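The values are calculated or read from the model by the stated rules, or taken from the named source; none is laboratory data. Source: prediction; values computed, not measured. In this analysis, Cβ positions are derived from the backbone assuming ideal geometry, glycine residues included, and neighbour counts consider all displayed protein chains.
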Amino acid sequence: MNISKENISLEKENLQLKNELAGVKKKLAQYQYAAAGANEGLWDRNLITGEVFISPPWITMLGFQKDDSIEKSQLWENLLHPEDKENAVNSLEEFISGKRQEYNIQFRLKHQKGHYIWVQSTAQLTLDKDGQPIRVSGSHRDITEKKRSEEIIKTSEQKYKHFFQNSLIGIMRVRKSDLEVTEINQKGLNILALSEKKRHMKMTDPFKDKEDVNKFLEQLTDRESIEEFEAKFERWDESETWVSISALEIESEETAYYDIIFRDISEFKENLVELQRLNFELDNFVYHASHDIRSPLRSLMGLIDILKTETRTGEIRKIIEMITGSINRLDKFVVDLLAMSRDNRLEEPDTVPINFMVEVNNSITNFHHVYTTKNLEIRTKIIQWYPFYSDLTKIRIILNNLISNSIKYRKVLENEKEFSYINITIETSEKEAEIIIEDNGEGIPKDKLQKIFDMFYRASENSEGSGLGMYIVKNVIKKLNAKIDVDSKEGVGTKFTIKVPNSFKLENSK
């Protein structure tokens with residue numbers, strides 16, 4: 001009887017074990033079936049027996065075939081990228097031992113074709129009744145495309161950041177709701193003379209004129225974008241600058257903002273003003289030049305017509321003298337035009353030693369026979385103890401024009417005992433040469449004094465000059481970095497004071 005009872009008990013236990021085993025096999029089959037159809041690769045490791053299960057997607061994810069004979073136990077570790085292996089293995093061991101609360105990491109596994117793929121791996125532990133780990137299972141998900149996209153985004157962000165910070169134009173990002181500047185690059189800070197510590201501001205703060213602010217915001221509201229809006233900015237060092245602004249409204253999930261680029265156009269504005277000035281001078285030049293060339297030509301044609309019918313010797317001689325005068329005026333005008341053209345072409349001064357005594361004497365000699373010098377006394381005082389270097393051609397232009405003007409516009413004296421005079425005083429120093437040319441001639445009316453350096457301006461209605469001489473002098477003075485002052489009183493005389501820098505030190509240092 002006892003044996004029978006024991007057999008019955010054993011049979012019951014055996015049946016129970018068979019049922020449990022069948023249940024386990026059924027669940028395992030269900031798990032394997034599910035694993036085979038899953039998009040993620042599933043894996044399972046029995047920590048007691050060391051048995052490893054990997055699903056077909058786990059295998060095919062790495063380029064293997066489902067039916068390939070694979071050693072599963074060390075496959076994962078063997079396929080890990082050398083740079084990722086230590087961290088991946090240690091992380092799993094720490095998770096199994098309980099040092100890590102969760103296991104969710106990324107690493108690279110070698111594909112059967114030789115390249116590596118990125119994998120997102122997660123795991124869960126199965127514990128026995130005593131709380132000891134007996135099984136670890138998890139999944140692998142191919143995230144290579146995700147990592148590639150992240151890398152592309154990261155690279156794009158780096159490129160944008162590099163462009164933003166190193167751009168040659170100012171860039172700022174402005175919150176639409178309150179116009180607060182949230183970002184501004186270094187070029188923008190430089191344009192505004194703004195330090196990094198004081199970068200918090202509203203977009204409208206730099207605008208010099210409130211009217212420009214209103215126009216800018218009105219256009220931005222109507223169009224949602226602006227191109228090349230010009231305005232004057234007041235910089236943080238209290239200087240002013242012209243800028244060109246372009247803006248675009250951007251809508252995002254978080255907030256709406258404006259991307260604004262702005263560039264300093266002060267130099268462009270200055271060049272534009274200079275171009276307008278040059279165009280005006282060119283128009284003025286063409287008008288006066290054509291007039292001054294045609295005037296003596298018309299005079300010549302008229303005199304030639306008279307000469308054709310004139311038979312009296314005395315009258316013919318007078319007409320020839322008048323023709324000669326017209327030719328001389330035309331020749332003088334052409335000479336002045338050539339001098340002006342040559343001066344405009346010579347940008348850099350040609351520095352040579354200057355002997356003022358020789359140059360003044362040559363200038364006086366050149367003009368002494370051209371104009372009547374009766375009752376004219378020319379006094380010179382030249383003190384040149386110190387060597388003086390400058391551009392010889394430009395110095396000659398200054399001396400020739402000022403001395404010829406003093407001779408040309410000297411006062412006509414009724415009393416033959418009275419004398420007109422021209423005082424020429426030059427003194428050199430280590431720093432500069434001071435040239436003073438003073439006369440007691442006609443003088444210049446006060447209201448015309450500021451115009452004498454204008455192109456084609458003639459101080460006297462009776463002048464036969466080209467009106468280019470003093471204009472050329474002004475340009476020469478500018479190129480020599482020199483200074484010229486004029487003091488004149490109508491009916492009393494005129495005094496020119498010129499200070500020309502001495503280039504002697506610079507010349508010796510070469």
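Going through segment 156-172 one residue at a time, which ones are polar (S, T, N, Q) and either closer than 16 Å to Ala247 by Cβ or within 19 Å of the chain's Cα centre (by Cα) (or both)?
Let us first name the residues in segment 156-172 that are polar (S, T, N, Q), namely 156, 158, 165-167.
Once the filter is applied, which keeps residues that are polar (S, T, N, Q) and either closer than 16 Å to Ala247 by Cβ or within 19 Å of the chain's Cα centre (by Cα) (or both), segment 156-172 yields Gln165, Asn166, Ser167.
Identify, from the list Glu150, Glu180, Glu94, the residue that is surrounded by 12 or more Cβ atoms within 10 Å (Cβ to Cβ), closer than 26 Å to Ser225 by Cβ and acidic (Asp, Glu). Even if it seems obvious, please write down each step before you answer.
Working: Glu150 fails: closer than 26 Å to Ser225 by Cβ; Glu94 fails: closer than 26 Å to Ser225 by Cβ.
Criteria check complete, one pass: Glu180.
Quick check on segment 48-56. Is at least one of its residues touching a residue at least 60 places away in the same chain (Cβ under 8 Å) and either surrounded by fewer than 16 Cβ atoms within 10 Å (Cβ to Cβ) or within 16 Å of Pro133 (Cα to Cα) (or both)?
Within segment 48-56, one or more residues are touching a residue at least 60 places away in the same chain (Cβ under 8 Å) and either surrounded by fewer than 16 Cβ atoms within 10 Å (Cβ to Cβ) or within 16 Å of Pro133 (Cα to Cα) (or both).
Only residues in segment 220-238 that are of a type in the set (Asp, Glu) count as the first member; pair them with residues that are assigned to a strand (DSSP E or B), Cβ under 7 angstrom, at least 6 apart or cross-chain, and list the lot.
Glu224/Glu249; Glu227/Ser246; Glu228/Ser244; Glu228/Ser246; Glu230/Trp242; Glu230/Ser244; Glu234/Glu240
Would you kindly identify the strands (runs of 3 or more DSSP E) lying entirely within segment 359-465 that contain at least 3 residues that are under 22 Å from Ser488 (Cα atoms) and either of a type outside the set (A, V, I, L, M, F, W, C) or modelled with pLDDT of 75 or more (or both)?
Details: elements: 376-383, 389-391, 420-428, 432-439.
Strands (runs of 3 or more DSSP E) meeting the threshold: 376-383, 420-428, 432-439.
Ser239 - would you say it is over 21 Å from Arg175 (Cβ atoms), of a type outside the set (A, V, I, L, M) and out of contact with any strand residue (DSSP E or B) (no Cβ under 6 Å at 6 or more places or on another chain)?
Against the criterion (over 21 Å from Arg175 (Cβ atoms), of a type outside the set (A, V, I, L, M) and out of contact with any strand residue (DSSP E or B) (no Cβ under 6 Å at 6 or more places or on another chain)), Ser239 qualifies.
Checking Gly188 against (1) farther than 24 Å from Glu227 by Cβ; (2) part of a helix (DSSP H, G or I); (3) within 20 Å of the chain's Cα centre (by Cα); (4) not aromatic (Phe, Trp, Tyr), which test does it fail?
Exception for Gly188: condition (1).
Can you name the condition, by its number, that Pro501 falls short on among (1) surrounded by fewer than 16 Cβ atoms within 10 Å (Cβ to Cβ); (2) on the phi < 0 side of the Ramachandran plot; (3) at pLDDT 85 or above?
Pro501 satisfies every listed condition except (1).
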